[in-house]
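Here the structure comes first, spelled out in structure tokens, and everything after it is commentary.
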Amino acid sequence: MKAILKKEFRENIMKFIVETALLSGISATLIPLGFKLLVDIEKENPLISSRYGPLLAQLRDLNVFVRSQWFGKNLLELAILFAVINGIGIVAGEYERKTAIFLFSRPVSRKSVFFGKIVVAILYTLIPIIISTFFILPSVKTVPQSLDMPIFFKLLIQALFASTLTVVIAGIASIIVNDRVKGGLIILSCIVGDIILASVLKWNFINYSLLFTGDFVKTLLISSVGTVLALGLSFHLIEKKEF
């Protein structure tokens, strides 16, 4: 198991650095640029102010702004994207590199190998989310409003649980589909299609994006149960997989 963990950490370190840098860059500039730009636009452009007055009034609330623009937009989109990228290569990546037969036929059980790889994929997805989200806090001091920290941490926890579920779902796809690009596109298409369909039909109960910003207890329950079930299915599929 140690060898698997070292191998995965070493092979994915650059991906981790890029994801952390990108997310942190966006979060660090969210309030200094996004929030203050919003206020300036409203002051300098009466037409926009009159047309989108109610929406702008809501976004002037720092807590609403952070919830909608970070947790409900930037982090939501990139966390799903990175979770799929990190999860889809767990098995499909080894298959493409022609190393799957060697790796999954060693004395170590397939479940142990898969578990070690998915643990690293989850860590490499969650740590950039945590680091980048905390980059928001220093810039809060630059505006005359305070952030509701309990809600802030609840949204962060929801994002971590939902992202973990996304990695595991992508891990299932990596077992079934031997091509990382095809597998990743399938998962992303399903998630995007679900969000669009749920929005059009007003079916919030199937809206994947609400796992990040919906009811705290309900979303954590769904993400947790979904992760456990998806892991169980992954272990079953990896045992049946023919390389």
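The values are calculated or read from the model by the stated rules, or taken from the named source; none is laboratory data. Since the model is a prediction, treat every value here as computed from it, not as a measurement. Note that we place each Cβ from the backbone using ideal geometry, even for glycine, and neighbour counts take in every protein chain shown. For the accessible areas, the whole protein counts, side chains as well, though only heavy atoms, and no ligand, DNA or RNA atoms are used. Shrake-Rupley method; radii C 1.70, N 1.55, O 1.52, S 1.80 Å.
Listing for the model above:
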read-out	value
Top-ranked residue in the stretch 48-63 [being within 21 Å of Ser146 (Cβ to Cβ) and at pLDDT below 90; ranked as farthest from the chain's Cα centre (by Cα)]	Ala57
Some residue of the stretch 93-102 being farther than 17 Å from Asn12 by Cα, free of Cβ contacts under 8 Å to residues at least 12 places away in the same chain and in a helix (DSSP H, G or I)	yes
Restricting the stretch 109-147 to residues that are charged (D, E, K, R) and open to solvent by 60 Å² or more (accessible area, probe 1.4 Å), the residue that is farthest from Lys218 (Cα to Cα)	Lys141
Answer residue from the stretch 148-169, given it is open to solvent by less than 10 Å² (accessible area, probe 1.4 Å) and polar (S, T, N, Q) and is farthest from the chain's Cα centre (by Cα) among those	Gln158
Every residue from the stretch 193-220 that is more than 16 Å from Gln158 (Cβ to Cβ), open to solvent by 80 Å² or more (accessible area, probe 1.4 Å) and of a type in the set (Val, Ile, Thr)	Ile196, Val200
Filtered residues of the stretch 12-47 (kept if surrounded by fewer than 13 Cβ atoms within 10 Å (Cβ to Cβ) and at pLDDT below 85)	Leu33, Leu37, Asp40, Lys43, Glu44, Asn45, Pro46, Leu47
Residue within the stretch 153-175 that is in contact (Cβ under 8 Å) with a residue 12 or more places away in the chain, touching a helix residue (DSSP H, G or I) at 6+ places or on another chain (Cβ under 9 Å) and more than 29 Å from Glu11 (Cα to Cα) present	yes
Segments classed as helices (runs of 4 or more DSSP H), wholly inside the stretch 139-243, with at least 1 members that are of a type in the set (Lys, Arg)	149-176, 180-201, 216-240
Residue among Val217, Val143 that alone is more than 17 Å from Ala83 (Cβ to Cβ), hydrophobic (A, V, I, L, M, F, W, C) and at pLDDT 95 or above	Val217
